Amino acid sequence: MREFRRATAALERGPSVETLVVEAATWRIRDIVVQAVASAGRDPTATMKALGVVKTRYEQECSRRLARLEDREVLGLHRRRTDYPDIYQGLNTIEDPDDIEVVLDAHDLALLLPGLVLWTGDGAHIMRNREQVLDLTGLYDLRFLGDVQE
C-alpha cells in the first residue's frame, strides 16, 4: 500500500511518468507501475487513475485474504510451550529478538508437525542465518517468500 501511495505522490509532485518509472524501479509494484503507464498511454492523469483502480483491487484482495486467515476453520493458532533458552542463545546472531521468537515458535510447532517448512519474508535476519536456524531447530526447511514464482 505504501508503494501505491508513493506512486501517487510522485505523480502529484511532478506529473512525469518517466520519473515515476525510474523511481519505481526498485519497488515491489514496479511491474504494476510500468503496466499502468503503458495502459494509460503515458498520460500522468490516466496513469494515476489506473493505479487507483489497481490499488482498490489490491486492498480488496488483502481484505479477502485477512478474512480467510481470521477464519478459525482455515487457520489454527499455536502457543509455544517453552522458551527454549538454549536455542534462543544459539540464535543470538539474529539481530532482531522478535525474529528469534518467530523461529522459536516455528520450532515448537515443528516438534508437533514433522516436516514443517518455515516460509519467511525476512531475508535480512532469518534467511541470512538459514543454516544456523536449521541446525538448531526441528524445522525441516526454511524458505524465502521472495523465491515463490506465481
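Residues to consider are Thr56, Thr120; find the one that is in contact with a Lys or Arg (Cβ under 8 Å, 6 or more places away or on another chain) and either of a type in the set (Lys, Arg) or under 20 Å from Arg28 (Cβ atoms) (or both).
The match here is Thr120.
Could you say whether any residue in the range 87-96 is open to solvent by 60 Å² or more (accessible area, probe 1.4 Å), under 30 Å from Ala38 (Cα atoms) and of a type in the set (Ser, Thr, Tyr)?
Scanning the range 87-96, I find no residue that is open to solvent by 60 Å² or more (accessible area, probe 1.4 Å), under 30 Å from Ala38 (Cα atoms) and of a type in the set (Ser, Thr, Tyr), so the answer is no.
Look through the range 127-141, keep the residues that are part of a helix (DSSP H, G or I) and either under 13 Å from Leu113 (Cα atoms) or of a type in the set (S, T, N, Q) (or both), and return whichever of them is least open to solvent (accessible area, probe 1.4 Å).
Here the residue is Asn129.
Here is a check on your reading of the model: is Ile32 among the aliphatic types (A, V, I, L, M) and at pLDDT 95 or above?
Against the criterion (among the aliphatic types (A, V, I, L, M) and at pLDDT 95 or above), Ile32 does not qualify.
Kindly indicate whether Gly52 is farther than 25 Å from Leu145 by Cα, within 22 Å of the chain's Cα centre (by Cα) and not assigned by the TED database to the domain that holds Leu113.
Yes: the conditions hold for Gly52.
Could you run through the range 17-27 and say how many residues are within 23 Å of Gly146 (Cα to Cα) and open to solvent by less than 40 Å² (accessible area, probe 1.4 Å)?
Looking only at that region, the number is 2.
So that you can scan it fast, the table gives a plain yes or no per residue for (1) of a type in the set (Gly, Ala, Ser); (2) over 30 Å from Arg128 (Cα atoms); (3) surrounded by 12 or more Cβ atoms within 10 Å (Cβ to Cβ):
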{"residue": "Arg6", "(1), (2), (3)": "no, no, yes"}
{"residue": "Pro15", "(1), (2), (3)": "no, yes, yes"}
{"residue": "Ile29", "(1), (2), (3)": "no, no, yes"}
{"residue": "Ala38", "(1), (2), (3)": "yes, yes, yes"}
{"residue": "Thr45", "(1), (2), (3)": "no, yes, no"}
{"residue": "Leu51", "(1), (2), (3)": "no, yes, yes"}
{"residue": "Arg72", "(1), (2), (3)": "no, yes, no"}
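Can you list the helices (runs of 4 or more DSSP H) found entirely within the range 1-100 that contain at least 1 residues being over 27 Å from Leu142 (Cβ atoms), hydroxyl-bearing (Ser, Thr, Tyr) and free of Cβ contacts under 8 Å to residues at least 12 places away in the same chain?
Output list reads 17-23, 30-39, 44-70.
Yes or no: the range 70-83 includes at least one residue that is within 18 Å of the chain's Cα centre (by Cα) and either modelled with pLDDT of 95 or more or closer than 30 Å to Glu12 by Cα (or both).
no
Specify which of the listed residues (Ile100, Ile87) is β-branched (Val, Ile, Thr), over 22 Å from Gly146 (Cα atoms) and out of contact with any Gly (no Cβ under 6 Å at 6 or more places or on another chain).
After ruling out the rest, the residue left standing is Ile87.
The values are calculated or read from the model by the stated rules, or taken from the named source; none is laboratory data. These numbers were taken from a predicted model, which means no experiment stands behind them. For neighbour counting, all protein chains shown are included, and Cβ atoms are generated from backbone atoms with ideal geometry for every residue, glycine included. In case anyone asks, the SASA skips ligands and DNA or RNA and just uses the protein heavy atoms, side chains included. Shrake-Rupley method; radii C 1.70, N 1.55, O 1.52, S 1.80 Å.
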